[in-house]
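**Student:** Provided herewith is a single structure, encoded as structure tokens, for subsequent inquiry.
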Amino acid sequence: MDVVSSKLKLDFNELGYCIEANAISHSKAEELKALVLDMALHEKKKGNSYVYPFDPTGNTQRVWNLTNKSSEFRKLLEADLLYEMMEFIFDRPTSHQLFHLSSFQANVIHPGAPRQKLHMDTPFPEPVPLWPAKANSIWMLDDFTESNGATEVVPRSHKLDHKPKPQDDTDSICEKIIGMKGSVIFTHGNLWHRAGANESETIRVGLLCSFAASYIKEIGSEEDQSLVINEKIKIESSERLKSILGIGHGLKDGAFVVHDCD
């Protein structure tokens, strides 16, 4: 049974994003939020929390590698809606898996956090290819409101072949995505977007579950260097060799903290 509606597909192709209300129940959203806040507090107490570096206030915290930290998040990864939406986005004639998980994290926006800069999730140089090499899903564990840092997007910007410039932060017409907790937003990796400012008095929590087309890994990694290189060699390697091997590339502080709440 196809759980992805034609409206979701049409909106995604035309606007670069789409939203599904009630993707998970309110009670499940509250359960996952409680897990995230417990992990965020745990990592803060341990001194290995990750604070978003572009937030000078220190009010934006990320909790990385949720796949490693609770079976509840692993269950979400296997949701039919998520899987089938990614199959639609990355559809192409191949016998291989169409996509792989890129990152799975929580974004905890505290009161006073400023809005992010406009950006896109696909790290291509310009001109940017227009096909979806990456896609994101943003799960609302709180209501996303006008004042608490709801995701802001520039509709149809996924059809542009360039990244947003600093001037676009003020010149672009952004749409704030308002929704009830339990909803999910799917975004094209090229879509210009940002987290809004949290001008409310409460925390706003969302999950960011990002995927990449499998051909990115196939093209870039004939051998998985993280697996084939001996741990002793990795530890003893020079900084230059580590950079060549890609050791630590894309990893964030606290990303591999094991804090399973099962």
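**Student:** Name the one entry in LYS28, LYS9 that is more than 22 Å from THR122 (Cβ to Cβ), among the basic types (Lys, Arg) and out of contact with any strand residue (DSSP E or B) (no Cβ under 6 Å at 6 or more places or on another chain). Please lay out each step first, then the result.
**Tutor:** Details: LYS9 fails: more than 22 Å from THR122 (Cβ to Cβ).
So the residue among LYS28, LYS9 that is more than 22 Å from THR122 (Cβ to Cβ), among the basic types (Lys, Arg) and out of contact with any strand residue (DSSP E or B) (no Cβ under 6 Å at 6 or more places or on another chain) is LYS28.
**Student:** Hey, another quick one. What number of residues in segment 173-188 are closer than 20 Å to LYS134 by Cβ, touching a helix residue (DSSP H, G or I) at 6+ places or on another chain (Cβ under 8 Å) and assigned to a loop (DSSP other than H, G, I, E, B)?
**Tutor:** 0
**Student:** Within segment 32-61, take every residue that is surrounded by 17 or more Cβ atoms within 10 Å (Cβ to Cβ) and among the polar types (S, T, N, Q) and give me the one that is modelled with the lowest pLDDT.
**Tutor:** So the residue we want is SER49.
**Student:** Could you list, in sequence order, the residues of segment 189-209 that are touching a helix residue (DSSP H, G or I) at 6+ places or on another chain (Cβ under 8 Å), more than 17 Å from PRO114 (Cα to Cα) and among the aliphatic types (A, V, I, L, M)?
**Tutor:** Passing the criteria: LEU191, LEU207.
**Student:** I'd like to verify a number: residues in segment 145-165 that are buried (at least 17 other Cβ atoms within 10 Å of the Cβ) and under 11 Å from ASN198 (Cβ atoms), how many?
**Tutor:** Result for segment 145-165: 4.
**Student:** Suppose we filter ALA113, ALA135 for residues that are over 20 Å from LYS159 (Cα atoms), crowded, with 19+ Cβ neighbours inside 10 Å, of a type in the set (A, V, I, L, M) and modelled with pLDDT of 95 or more; which single one remains? Walk me through it before giving the result.
**Tutor:** Details: ALA135 fails: over 20 Å from LYS159 (Cα atoms).
None of the others qualify; the one that does is ALA113.
**Student:** Still on this structure: Against the condition small (Gly, Ala, Ser) and part of a strand (DSSP E or B), how does ALA113 come out, does it pass? First the steps, then the outcome.
**Tutor:** Working: small (Gly, Ala, Ser): yes; part of a strand (DSSP E or B): no.
So ALA113 fails the test.
**Student:** Taking ALA212, is it on the phi < 0 side of the Ramachandran plot and in contact with a His (Cβ under 7 Å, 6 or more places away or on another chain)? So that I can check it myself, show each step before the final result.
**Tutor:** Details: on the phi < 0 side of the Ramachandran plot: yes; in contact with a His (Cβ under 7 Å, 6 or more places away or on another chain): yes.
Against the criterion (on the phi < 0 side of the Ramachandran plot and in contact with a His (Cβ under 7 Å, 6 or more places away or on another chain)), ALA212 qualifies.
**Student:** A follow-up question, please. Taking the criterion of being basic (Lys, Arg), more than 19 Å from ALA197 (Cα to Cα) and assigned to a helix (DSSP H, G or I), would at least one residue in segment 63-71 satisfy it? Write out each step before concluding.
**Tutor:** Initial filter on segment 63-71 (basic (Lys, Arg)): 69.
Cutting the leftovers down to more than 19 Å from ALA197 (Cα to Cα) gives us 69.
Those still in the list that are assigned to a helix (DSSP H, G or I) too: none.
No.
**Student:** Identify, please: which residue in segment 150-171 is assigned to a loop (DSSP other than H, G, I, E, B) and in contact with a Ser or Thr (Cβ under 8 Å, 6 or more places away or on another chain) and is, among those, farthest from VAL128 (Cα to Cα)?
**Tutor:** Taking the candidates together, the pick is VAL154.
**Student:** Right, something else. Can you tell me which condition SER103 does not meet? The list is (1) at pLDDT below 95; (2) of a type outside the set (Val, Ile, Thr); (3) in a loop (DSSP other than H, G, I, E, B), and all the others hold.
**Tutor:** It fails just one condition, (3).
**Student:** Are any residues in segment 10-31 in a helix (DSSP H, G or I), crowded, with 22+ Cβ neighbours inside 10 Å and in contact with a Leu (Cβ under 8 Å, 6 or more places away or on another chain), and if so, which ones?
**Tutor:** Restricting attention to segment 10-31, the residues satisfying the condition of being in a helix (DSSP H, G or I) are 10-15, 26-31.
After this cut, where a residue has to be crowded, with 22+ Cβ neighbours inside 10 Å as well, the list is 12, 29.
ALA29, the sole residue that qualifies.
The values are calculated or read from the model by the stated rules, or taken from the named source; none is laboratory data. Since the structure is predicted, the reported quantities are computational estimates derived from the model, not experimental observations. Don't worry about glycine lacking a Cβ; one is built from the backbone with ideal geometry, like all the others, and counts go over all protein chains shown.
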